[in-house]
Amino acid sequence: MNATFLGHLGVWLSGMFALVGMVDLAMARRRHQRGHALILSALMLLSVVASVTVMQVALITHNFSLSYVAENNATFTPLIYSITGMWSNLEGSILLWAILLAIGTVVIVFVYRSRAADAVVQWATGILFAVVAFFALLMAGPADPFVRAVTYSPQGAGPNALLQDNPLVAIHPPLLYTGFVGATIPFAFAMAMLITGRVGEAWMVELRRFTVVTWGALSVGIVLGAWWSYQVLGWGGFWGWDPVENSALLPWLTGTAYLHSVIVQDRRGLLRMWNMVLAITTFALTILGTFFTRSGVVQSVHAFSTSTLGPILMGFFALTVGAGALLVAWRGDALRSPVGIESPSSREGLFVANNILFIGFAIVVLLGTVFPILYQAVNGSVVTVGAPYFVHVAAPASIVLLLLMAVAPVAGWRRATPAVLWRRLRPIAWIALLITMTCWVAGIHRVVPLAAYFLAALAAGSAVRSLAGSWRAAHQRGDARWRAFTGPSAGGMVVHLGIVMMAVAIVSATSFVSRQEFSLARGQSAEIAGNVVTFDALRSVSDSLKVQTQLVVHVNGGTIILPAITSFRGRESQDVATPGIDSSLWRDVYVTLDAVGQGTVSGPQVASNLPTGSVAIGVTVEPMIYWMWIGGFVVGLGSLLSLWRRRDS
Amino acid sequence: MKRPLFIAGTGAAIFIVILSAFLGTRPAADDVTASSPLLGKAAPVATLSLLHGGSVHVGGPSPNITVINFWASWCGPCVTESPELSTFAWNNRLDHVTVVGVLFNDLASNALAFERQYGNLFPTAVDNGGQYANACGVTAPPTTYVIDRSGRVAAVLVGAVTASQLDHAVVMAQ
């Protein structure tokens with residue numbers, strides 16, 4: 001019994017149980033029985049768990065008889081990076097996806113076990129089984145994580161250096177994949193409703209509690225990815241509009257639209273078909289994103305793993321999403337609501353505006369991501385779509401979204417007039433104006449940041465106003481005060497506060513960033529944006545994993561940070577510039593060690609001209625960027641709070 | 001009776017199938033091997049200093065197959081190929097294949113920033129005065145030379161390369 005055999009066994013069994021589950025549901029459907037979905041999905045999950053266990057044991061014990069372990073692990077890899085090795089490459093990522101999807105399937109089957117004979121539940125479960133079967137098929141064929149290694153170095157190759165530099169790799173991918181898997185559940189139910197023709201039911205509303213959690217996971221996953229990039233890559237930024245980042249952002253945009261439009265369905269019974277379209281689209285974008293990331297067709301700075309998955313993924317995409325579109329065509333017109341939205345300034349009217357913005361934003365991002373492929377197909381030459389294209393769209397869209405975040409929470413359902421909105425917003429608007437004027441007095445005279453701060457203050461005020469309302473309500477009910485922050489609407493307002501923090505962080509860090517390269521001799525200081533960095537010492541530090549040329553830098557005479565050039569064992573030929581960051585709520589000073597003076601070469605290059613003993617450092621000062629990570633945490637907290645049901649509801 | 005959703009849904013389904021067929025059949029890489037007067041001849045020999053310190057000897061007989069990539073931070077296709085080169089360098093680091101970047105008409109500070117941003121997994125050398133690029137006949141980045149163990153030029157690839165192209169070129173140079 002070896003790892004290859006056991007791993008394959010788990011993969012094959014999971015695929016088999018998924019297929020048996022589909023057949024069992026089809027037979028149960030015909031005979032109007034409940035079927036055996038619970039036991040079959042549990043067996044399916046157990047099989048995937050077995051495969052994951054085999055992989056984890058192999059990684060932790062450095063069992064290089066598996067090709068995947070030999071390529072992504074080494075004898076000296078620390079435990080945490082052995083564990084995270086499972087998702088540091090394509091095959092293992094598919095395994096992670098499969099286990100999360102299997103868990104999701106079991107949860108859905110278990111929660112709706114009392115309705116197991118319901119046609120919608122049966123179809124939805126069948127579709128979830130089908131998606132698991134697809135992932136099992138990938139692992140059985142083109143993305144096999146359990147290939148036996150033919151030859152390997154006795155100490156293993158070790159993980160990619162960038163993936164063993166920061167423990168955030170332990171949580172960022174699983175959260176992201178939870179978000180992707182979470183998109184499968186509403187998709188399965190939307191398809192089931194369209195297939196059965198029971199399109200009038202409120203499944204989308206009922207599923208909202210799952211989608212809020214997985215949306216929260218996706219949001220936090222994206223922010224943690226940005227944080228990882230900020231702390232590891234050493235370029236001082238956090239978002240590059242790269243196809244891989246876009247593929248996580250796309251389902252987030254449509255998912256966010258969906259979470260809002262589902263509320264309209266819940267309160268007013270409108271937008272039912274639209275919600276199904278959004279559920280299908282969000283799922284479609286997760287598969288398309290996987291294609292962008294994993295096919296090798298789209299050139300990306302992240303595409304560390306390329307494969308032959310492209311045609312298979314696109315075939316699956318065409319089958320599922322094409323079927324979804326055909327079902328919408330077939331059933332859709334039966335569900336057109338006789339009533340419409342009565343007033344554009346009502347809450348549902350504003351939610352529709354929010355949806356249009358999010359979808360428009362998503363289309364623009366999608367176009368920018370696909371454009372290089374289209375261009376290459378037509379012209380034969382290679383182009384890249386850079387950040388400016390995306391920023392041109394993202395900036396105005398975000399400004400309008402902030403405005404909607406300010407206005408929508410104070411708008412009533414059905415009928416609302418601008419006059420009423422203004423009356424409710426007026427006190428908040430005055431405070432926001434006061435804050436903006438303070439910023440003006442403090443020396444910020446640029447229009448876009450000022451407008452963004454004003455709208456952010458307005459949106460935050462609007463959220464606080466709602467939370468204050470539920471605080472009073474909790475008091476009147478005699479509930480504990482913390483209960484005021486629980487439930488879908490209060491949780492949503494906490495999420496809004498998190499988004500506002502992130503918006504302020506992004507605007508401040510990108511508008512008022514200072515960046516400069518200095519060459520310093522020992523003891524010398526450099527000043528940038530009111531901060532003084534002093535080169536104290538240069539030393540060599542090594543442990544069992546890495547060798548670092550470490551710079552000791554004092555920031556403003558106090559904090560010591562240690563930017564370094566790091567070389568990991570097993571991959572000495574490549575250095576990683578590890579930044580040193582002095583973080584505070586107000587500003588980050590971000591220092592990278594660019595070069596150590598050799599004093600030998602002449603030429604125009606800064607680094608080559610450095611005298612021996614001097615160093616070239618890059619210093620970036622970014623105001624308020626820390627609020628980005630706090631905001632991400634608050635978004636996650638808000639989505640968890642929204643799960644908590646009030647006793648009275 | 002008007003059935004707008006029927007039309008929209010059917011249209012969307014057709015679009016999805018066409019899009020999938022298009023994307024699913026995209027080649028992962030194009031063949032961009034170029035003819036060059038240096039092909040089959042000895043590659044120019046030089047010792048170049050590396051961005052992060054130290055030096056590298058290129059050309060001449062070597063136990064390794066050498067892949068020399070001329071790049072610059074201002075060049076768009078260099079951004080595109082950077083992860084591919086890194087992937088290739090990483091996958092072949094134990095197989096007697098060396099990847100060396102050579103900076104083409106660029107400042108070291110810009111190159112270092114580029115390396116930080118894109119996480120290059122191979123060392124890059126400074127080519128003062130563009131002497132080595134001139135000797136190789138490179139007119140624009142990115143251009144990639146594959147040099148076999150005897151020091152002869154086995155392949156010249158003009159434009160952004162992919163890991164699979166390099167794999168292919170290295171097999172040819174064995």
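For a quick protection proxy, order the peptides A:27-40, B:112-125 by their average other-Cβ count within 10 Å, most packed first.
Numbers: A:27-40: 16.1, B:112-125: 22.7.
Ranking, from highest mean packing down: B:112-125, A:27-40.
In whole percent, what relative contact order does chain A give with Cα contacts below 8 Å and a gap of six or more residues?
Working: 1165 pairs, mean separation 69.9, N = 649.
Once normalised by length, the contact order is 11 percent.
Classify the protein assembly as shown as rounded, prolate or oblate, taking a ≥ b ≥ c as the square roots of the eigenvalues of its Cα gyration tensor: rounded when a/c is under 1.5, otherwise prolate if a/b is larger than b/c and oblate if not. Walk me through the numbers before you get to the answer.
On the way: a/c = 1.90, a/b = 1.32, b/c = 1.43.
Oblate shape, in that a/c is at least 1.5 and b/c is the bigger or equal ratio.
For the stretch A:304-438, what class follows from the C-alpha gyration tensor (a ≥ b ≥ c being the square roots of its eigenvalues): rounded when a/c is under 1.5, otherwise prolate if a/b is larger than b/c, else oblate?
Details: a/c = 3.60, a/b = 1.51, b/c = 2.39.
Oblate, because a/c is 1.5 or more while a/b does not exceed b/c.
Compute the length gained on full extension between residue A:107 and residue A:12: take 0.36 nm times their separation in residues and subtract their Cα-Cα distance, giving the result in nm to one decimal.
32.0 nm
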*Counting only C-alpha contacts under 8 Å and six or more residues apart, can you give the relative contact order of the stretch A:1-159 as a whole percent?*
37 percent
*asked:* Modelling each spin label as a point 7 Å along the Cα-to-Cβ direction, I'd like the residue A:448/residue A:30 distance in nm, to one decimal.
replied: 6.2 nm
*Distance (nanometres) between label positions extended 7 Å along Cα→Cβ at residue A:475 and residue A:209*: 2.9 nm
*asked:* Net charge within 15 Å of residue A:149 by Cβ-Cβ distance, Lys/Arg positive one each and Asp/Glu negative one each, not counting residue A:149 itself?
replied: -3
*Give me the number: length gained by fully extending residue A:60 to residue A:540, i.e. 0.36 nm times residue separation minus the C-alpha to C-alpha distance, one decimal in nm.*
169.9 nm
_Taking A:587, A:115 and counting other C-beta atoms within 10 Å, the order from fewest to most_ = A:115, A:587
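So what is the relative contact order of the stretch B:30-173, in percent, for Cα pairs below 8 Å that sit 6 or more residues apart? Display every interim value, and only then the final one.
Details: 285 pairs, mean separation 52.4, N = 144.
About 36 percent, as a whole number.
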*Give the shape of the stretch B:30-173 as rounded, prolate or oblate, defined through the alpha-carbon gyration tensor: a ≥ b ≥ c are the square roots of its eigenvalues, a/c under 1.5 means rounded, and otherwise the shape is prolate if a/b is larger than b/c and oblate if not.*
rounded
*How far, in nm, would the chain grow between residue A:414 and residue A:585 when pulled straight, counting 0.36 nm per residue and subtracting the alpha carbon separation?*
57.4 nm
_Cα Rg, Dmax, the stretch A:1-96, angstrom units_ = 16.7, 58
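Tell me the mean residue ellipticity at 222 nm calculated for the protein assembly as shown from its helices only (DSSP H runs of n ≥ 4, each -39500 (n - 2.57), averaged over every residue, nearest 500). Please list the in-between numbers first.
Details: 23 runs with 448 residues, N = 823.
That comes out to -18500 deg cm²/dmol.
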*Amide H contacts under 5 Å for residue A:569, placed H, 5+ residues apart*: A:546, A:547
*What does the average come to when, for each residue of peptide B:119-131, you count the partner chain Cβ atoms lying within 10 Å of its Cβ?*
4
*What is the average number of partner chain Cβ atoms found within 10 Å of a Cβ in B:73-83?*
3
*Can you tell me the FRET efficiency between residue B:8 and residue A:150 if r is taken as the Cβ-Cβ distance and R0 is 60 Å, rounded to the nearest 0.05?*
0.70
*asked:* Going 7 Å from the Cα of residue B:171 along its beta-carbon direction, which residues of the stretch B:59-103 have the amide nitrogen within less than 19 Å of the resulting point?
replied: B:65-67, B:85, B:87-98
_Ranking request for peptides B:73-79, A:84-90, B:63-69: highest mean number of other beta-carbon atoms within 10 Å first, then the rest in descending order._
A:84-90, B:63-69, B:73-79
*Residues in the stretch A:211-229, backbone N under 17 Å from the label point at residue A:80 (7 Å along the Cα-to-beta-carbon vector): list them, ranges by number please.*
A:224-229
_Through the Karplus equation 6.51 cos²θ - 1.76 cosθ + 1.60, θ set to phi - 60°, convert the phi angles of the stretch B:131-142 into ³J(HN,Hα) values in whole Hz; use x for Gly and Pro._
5, 5, 4, 4, 4, 7, x, 7, 9, 8, x, x
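No value in this document is a laboratory result; all are computed from the given coordinates. Computed from a predicted structure; not experimentally measured. So basically every Cβ, Gly included, is an ideal-geometry build from the backbone, and we count neighbours across all protein chains shown.
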